[in-house]
Each structure stands twice: as structure tokens, then as C-alpha cells.
Amino acid sequence: MRVRADSTPPASIAADVLAVPIYKEDRELSGDLAELDAASGGAISRAIEWGEFNIVEHYTALIDGGDLAADRVLLVNGVRRGRGAWRARRMASTATRRLQGRGASRLAFWLRDGEDADAYVAAAVGARQGTYRPHTIYGRVRDTEAMLRSVEELVFVGDSVPAGDDLERGVIMAEGVEFGRTLANRASNDLYPEKMADVARELEADGCTVEVLDVEQMQALGMGALLGVGQGATHEPRLIAIKLPGWETASPERRLAIVGKGVCFDSGGISIKPADKMEEMKHDKSGAAAVIAAARTVARLNPDAPLMAVAPMVENMPGGNAQRPGDVVKAMNGKTIEVTNTDAEGRLILADALHWAEQQGATHLVDIATLTGAAMVAFGDLISCYFARPREWGAEVARAADATGEWVWEMPLATEYRPAYDSAHADIVNSGSRDASLIKSAVFIADFVTKPWVHLDIAGAAYLSADKATNPKGAVGTGVTTLAQLALDFARGS
Ligand code: BES
Ligand code: ZN
Ligand code: MN
């Protein structure tokens, strides 16, 4: 999808469709919107009056453009929540998704309010997100060509349109999101640890250095926590590290590592999960997908960023050689862990990956993981939660999320709960009782990190169990833009 800006007024832009946000306040059209309505010959107000578009119930309405230069007008429900970027991204994905299969190859988008550049970047990302079809990964090309048609050119119109460089950032970030979500959507028989390593090696073309540790190398390093999780699977674990050119040249005081949970399939292991919806656990590698996609995005936008992406990759499987509940493993940092629940595997692989990242010289860390069902229960599919130590570092991650239109919310890292994880047989257990289990999952990981660190739990937001107006069922690429933006900001020293 090409993206450009055009300061032509919305009434005069020639396009297949002109998308316009309609807000609650617009029950009475006024200002610029009233002017557009007048230029359309009253097409917009007539549609709203007739009930074709009701901002409480409808996401979109597609109406004739009347006297406008655009053939049609797409009214988009513009919820006024928070910053412009979240709203812009959501509206744009709703618009392009609504137009799939239609003859709308050129979409003009009038964001209306004096939005900043971040909002336009987020809208560019959203627009591409709305054209995504997971079916094309494995499906037969049985869809007619017409069904696969989608927006090819996006033109932002109005007074506040940004410069081309900003929009270019949007296009590259959008590609990154799509790359990451397709990795997360790929089936476990197709994408297992070594295959993910192949994907990572492709980033060498973007100037990155890619290192892949195999089982022997991890054994030598003492990564007992990670290896224990992977030992039941036929597909062996790997630890992937992608370093941008800027990682080597960076000052040793400022190096960012992003670490993503890469469980290619989470059956639960011996503490096996129920069969219902178990197929969704192929996306338990969404964190790894996000860090690899973010690394690729940043490598293309600013290769001098001091960034390393780390993806511990395993399959969590039952079997004759699988880890048993009660097993005691030794993590790379020397702590012993009593594995009371083999389904609490994400924190085990993160423990070793985070420690390894620190040993590589990371001064700031962010991990991202589909870690707990509790996060999904508490936050649903719109919001990711995070824990930070110190909280100032968390605020920087939250700022990056805000700027790119992702929604995150802080949770307390209450290390006061640490005694709940005391073990009679080892230094720590990996799973406790249900109360505060979301908080305790972060408190567990905290035992394995010493540097400034943020833990992002994307269990709810990474994957949709059903189609929505904004995205189709499946992985959505959660975290890619947040991590990419964070690394870009970090490189600027802000
Ligand atoms: N991958 C799951 C968490 C998950 C659940 C992600 C649903 C996305 C959707 C994780 O490994 C897990 O099984 N967590 C357990 C932890 C428990 C055993 C302490 C959970 O949340 O039930
Ligand atoms: Zn898991
Ligand atoms: Mn699990």
C-alpha cells in the first residue's frame, strides 16, 4: 500500500472513497464537517438522519459521494479515546477492513482534527492492518480476485497532513506489524524453533548480526530453565539473538535488549491444557515474533540504534522425556527452580533469556510475552499490561505505545508477594496459587533480572479468537510498533 499526503481539501480530492470520522459530538454537523456535507449536497447528513450511520451502534457506513470529487464516502465511528494515535490507528484499520473486496483502490482519509505526525503514522499502520488476510498464509487461492482487492493507495487529506518522511516511517512500521503477525499466525508444524532461526537469519540482509544457540551451547551456558521446558519436544529449542549494527558501536552504558517469549506450541506439557481452543496456543510465540519484527523494522529505520532482539524458542510438549511437575532445574543465573506447573513455562524460558541478554551487555531490558491467562481475563483483547522496575523505564515504554496507537496499562510489581514462591526444595517455585497470579508471574521474572526492566504481558491482546471490525481472527502483531518506537526513542537518548 502506497501512502502519501495531499493538502487538497477533502471535498475536492479525487478518490474511490473518502473516509471521514464521525464523533458523538457530530449529531449536529458543524464546522469543517458541515462544509463537507454541504459540498456533498447533504449526502452525509441525510445518511445519518436516515439511520444508515449511528455512532453508538455502527462502525462504518458506506454512502454515495454526492457532489464530492470522491465517488463514495465512508463514515467511520471515531471514538474519542485518549491520544490521537490509538484512535487514528483503529479508525484506519476499520476503514480498510470494511473496504476489502470493494473497488476502492484509492482511499482518501481526512483525520479532521489537527493530529500530530504520530497519529498519521499510526493511521498508516492501521490502514495496512485492515487489509490483512491470514487466510493467504496457507489457503488455496480460491478467493476470486475481486475478494482479494483492497486499498492500494492511501492519501491523507486536510490541513495538518505531515511530511513524507513521517509517512515512510508508517509504511515500514506497517510492514513490520504484518511480518510479525504472520510469524505468530504460522502453524506449529510449519514454524518451530529452528525455522524461526531461519527467519531471523534473513535479517542479515538488513545488516543485522544473527546468532543462534543450539542445545549443546545452552547446556554449556547452564540454561537449565529454558532447556527443561523444551526437553519433551522433538523439535529442539534454540536461542536467537539479533543485533543491529548499532549494538556493537553503542556506548556500553546504553544498550537495549527486547526479549520475546517464543513458545511455538504450548500444550501445557505434563500439566496439560484442556483440548478446547488448544489450537490457539500456536500463537504462544507472539512475543518472539514481535521482537524479531521490531528488530527488522528498526534496522530499516535506524540501524545505529543500540538494539538486540532475543527470542528463546521452544515447544512445550508432554512425552517420555518431558519435564515433570516437581522437577528442579537450575537457571543460568544459578538459582534453582522447582517446576510446580509445567504450563507456567514462559517465565522459565524468559528467566534464562533475560539473564543471557544482561550478560551480553544489555543495560535496559523489555520482555514481551503471552504469559498468563490472567492477563487475558483482566485486560481482554484491547489492552496489554506491563510491570516495570524502575517505573520511570516503564513510563518510556508506555510513551512509545501511546505514540504508535497501542494501549498498555501499568500493574504493580509487588515484590512483597515473592515469599509466595518460596520452595521447600529449591530457591523458587514457578507457579503458585491463583490469587494475584498475574502480579506474581512478573515477580517471578524479577528474580532473574538486575537491570532496568519492563515486562509486557500481551496474552489477551496478541490474538483475536473471532473477527472484529478492526482485525480478522488470529494474531494482530501486538507490541511490534511499541518496541520499534521505543528503540528509536532510545537511540535518540530520549
Ligand atoms: N501461554 C499461556 C498463557 C496464555 C493463555 C496466553 C491464554 C494466551 C492465551 C501460559 O504459558 C500459561 O499457560 N499460563 C498459565 C500459568 C499458570 C499455570 C501459572 C495460565 O495463565 O494459566
Ligand atoms: Zn505459554
Ligand atoms: Mn503455558
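The values are calculated or read from the model by the stated rules, or taken from the named source; none is laboratory data. As the structure is a computational prediction, the values presented were derived from the model and not from experiment. All Cβ positions, glycine included, derive from the backbone under ideal geometry; neighbour counts span all protein chains shown. Side chains included, ligands, DNA and RNA excluded: accessible areas come from the protein's heavy atoms. Shrake-Rupley method; radii C 1.70, N 1.55, O 1.52, S 1.80 Å.
Quick rundown of the values:
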quantity: Residue count for the range 235-258, restricted to those that are open to solvent by 70 Å² or more (accessible area, probe 1.4 Å) and within 22 Å of A344 (Cβ to Cβ); calculated: 1
quantity: Boolean, S40 is of a type in the set (S, T, Y) and open to solvent by 20 Å² or more (accessible area, probe 1.4 Å); calculated: no
quantity: Matching option when the condition is away from ligand 1 (no atom under 16 Å from the Cβ), polar (S, T, N, Q) and either closer than 20 Å to T450 by Cα or modelled with pLDDT of 95 or more (or both), among N333, N341; calculated: N333
quantity: Only listed residue being within 16 Å of ligand 3 (Cβ to nearest atom) and touching a Gly at 6+ places or on another chain (Cβ under 9 Å), chosen from T336, T370; calculated: T370
quantity: Single match in A275, A225, A205 (criterion: within 15 Å of ligand 1 (Cβ to nearest atom), surrounded by fewer than 18 Cβ atoms within 10 Å (Cβ to Cβ) and in the same structural domain as T340 (by TED's automatic domain parsing)); calculated: A275
quantity: Residue in the range 146-159 that is open to solvent by 30 Å² or more (accessible area, probe 1.4 Å), touching a strand residue (DSSP E or B) at 6+ places or on another chain (Cβ under 9 Å) and more than 15 Å from V314 (Cβ to Cβ) present; calculated: yes
quantity: Residues located in the range 273-313, provided they are small (G, A, S) and within 18 Å of the chain's Cα centre (by Cα); calculated: S286, G287, A288, A289, A290, A293, A294, A295, A299, A309, A311
quantity: Residue identified as within 13 Å of ligand 1 (Cβ to nearest atom), surrounded by fewer than 18 Cβ atoms within 10 Å (Cβ to Cβ) and over 26 Å from A122 (Cα atoms) among P318, P325, P419; calculated: P325
quantity: Residues of the range 184-218 classified as in a helix (DSSP H, G or I), in contact with a strand residue (DSSP E or B) (Cβ under 8 Å, 6 or more places away or on another chain), in contact (Cβ under 8 Å) with a residue 24 or more places away in the chain and farther than 11 Å from P312 by Cβ, total; calculated: 6
quantity: Single residue of A241, A289, A275, A250 found to be within 16 Å of ligand 3 (Cβ to nearest atom) and among the hydrophobic types (A, V, I, L, M, F, W, C); calculated: A275
quantity: Any helices (runs of 4 or more DSSP H) falling wholly within the range 64-143 and containing at least 1 residues that are touching a helix residue (DSSP H, G or I) at 6+ places or on another chain (Cβ under 9 Å) and surrounded by fewer than 17 Cβ atoms within 10 Å (Cβ to Cβ); calculated: 135-138
quantity: Search result, residues across the range 258-276 that are among the β-branched types (V, I, T) and near ligand 2 (Cβ under 10 Å from one of its atoms); calculated: V263
quantity: Filtered residue count, the range 15-35, keeping only those that are without any contact (Cβ under 8 Å) to a residue 60 or more places away in the chain and more than 19 Å from S93 (Cβ to Cβ); calculated: 10
quantity: The range 19-35: number of residues that are in contact with a strand residue (DSSP E or B) (Cβ under 6 Å, 6 or more places away or on another chain) and either closer than 18 Å to A122 by Cα or open to solvent by 30 Å² or more (accessible area, probe 1.4 Å) (or both); calculated: 3
quantity: Check on D304, away from ligand 3 (no atom under 16 Å from the Cβ), open to solvent by 10 Å² or more (accessible area, probe 1.4 Å) and acidic (D, E); calculated: yes
quantity: Options E253, E279; residue that is without any contact (Cβ under 8 Å) to a residue 60 or more places away in the chain and either more than 16 Å from ligand 2 (Cβ to nearest atom) or over 23 Å from D352 (Cβ atoms) (or both); calculated: E279
quantity: Restricting the range 362-380 to residues that are away from ligand 2 (no atom under 16 Å from the Cβ) and touching a helix residue (DSSP H, G or I) at 6+ places or on another chain (Cβ under 8 Å), the residue that is farthest from V454 (Cα to Cα); calculated: A378
quantity: Members of the range 348-388 found to be away from ligand 1 (no atom under 16 Å from the Cβ), under 16 Å from the mean Cα position of the chain (by Cα) and open to solvent by 30 Å² or more (accessible area, probe 1.4 Å), listed by number; calculated: none
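Residue-wise test of (1) surrounded by fewer than 24 Cβ atoms within 10 Å (Cβ to Cβ); (2) away from ligand 3 (no atom under 15 Å from the Cβ); (3) over 21 Å from C385 (Cβ atoms).
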{"residue": "G269", "(1), (2), (3)": "no, no, yes"}
{"residue": "E280", "(1), (2), (3)": "yes, no, no"}
{"residue": "M308", "(1), (2), (3)": "no, yes, yes"}
{"residue": "V314", "(1), (2), (3)": "no, no, yes"}
